[in-house]
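Written below as structure tokens is the structure these notes are about.
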Amino acid sequence: MLPFDQRTGKIWYDGTLVDWAEARLHVLSHGLHYASSIFEGIRVYGGTPFLLKEHIARLGSSARILDFDLEYGADELYEATRAVVAEAGITEGYVRMNAWRGSEIIQTAALKTSVHTSVAAWELPEGYYAATDALEKGICLVTGRYRRPSPEYAPVKSKAAGNYMIGTISKNEALRAGFDDALLLDDRGNFVEATGAHLFFTRDGALHTPTTRCTIEGITRACVLAIAEREGIACVVDDLPPAFAGSADGAFLCGTACEILPVSRIDDHYYDLGGNDVLRAIVTGYRELIEGRAEVRIR
């Protein structure tokens, strides 16, 4: 894959479309040194950014949690994203939206730093998140050694870059061990999510998913809950200890990048993907949603 700093095209940077190579920040930016940086990932289907308003709203919420305000309003970011996608001629792709504190000062306090914003987009190649046959064969997960912190200890409700450090380490370790991703526990020892996607189990015709006490409110997760409600599939949101994986008859991850991704193994527990009607209904419902053939109201 071509490195991202060597690509061509246009990136929206602080209100202007600039050449890809010119979208730079200084090495002494506060966001780089102190993780005062937030982001959103948005899928593009049929040339249209999917649930764009919801992602922009969450970006604004993330900024407020990190104690800064975005320099651009929701309408401006909406139009900027549409312009970047159109400029790139993307049909099926991915948008990455970032906001970060600037370089006016390098110390912990950052009350007088500027805030910068960028929007970039690119086509998604096959196998970008998981193997091309992952939908049929599923992926393998291992429980990671690091835990998501309590909301009393970290700003876990912000989609902040710093919150993903644990995910990067955990997924690297999982890949080295022959797995596809890692599952993270919370401070109480219950399942939270994978390194960048929310977790669902199926059991006896119902869905079970961890609470979001220690993580962001997932937009794709909200879609799954809405699809389940529409289809009459019961869904239990609760604390799920690791032992729950052994009593479930299936599992999947969901997120903007991975969409709905079946799981065939968690640690030493294996799942048969065939005949799982709940999983099939969610996969079908989400495909209908992103293709514009169905609607759901997400909360």
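General remarks:
- If the condition is being β-branched (Val, Ile, Thr) and free of Cβ contacts under 8 Å to residues at least 12 places away in the same chain, then segment 216-256 contributes no residue at all.
- In segment 288-299, the residues that are within 13 Å of Tyr45 (Cβ to Cβ) form Cβ pairs under 9 Å with partners that are modelled with pLDDT under 85 and open to solvent by less than 100 Å² (accessible area, probe 1.4 Å), at six or more places apart or across chains, as follows: Glu288/Ala294; Leu289/Val296.
- The number of residues in segment 34-54 being more than 13 Å from Arg82 (Cα to Cα) and either open to solvent by 40 Å² or more (accessible area, probe 1.4 Å) or of a type outside the set (S, T, N, Q) (or both) comes to 7.
- The criterion of being at positive phi and touching a Cys at 6+ places or on another chain (Cβ under 9 Å) holds for Gly178.
- Members of segment 66-111 found to be free of Cβ contacts under 8 Å to residues at least 40 places away in the same chain and either over 16 Å from Ala35 (Cα atoms) or of a type in the set (Phe, Trp, Tyr) (or both), listed by number: Gly73, Ala74, Asp75, Tyr78, Glu79, Arg82, Ala86, Gly89
- Only one of the numbered conditions (1) open to solvent by 60 Å² or more (accessible area, probe 1.4 Å); (2) more than 14 Å from the chain's Cα centre (by Cα) is violated by Ser150, and that is (1).
- Residue check for Gly31: open to solvent by less than 20 Å² (accessible area, probe 1.4 Å), part of a strand (DSSP E or B), among the small types (Gly, Ala, Ser) and assigned by the TED database to the domain that holds Gln107: no
The values are calculated or read from the model by the stated rules, or taken from the named source; none is laboratory data. These numbers were taken from a predicted model, which means no experiment stands behind them. Backbone-built Cβ (ideal geometry, glycine too); neighbour counts: all protein chains shown. Accessible surface areas use protein heavy atoms only, side chains included; no ligands, DNA or RNA. Shrake-Rupley method; radii C 1.70, N 1.55, O 1.52, S 1.80 Å.
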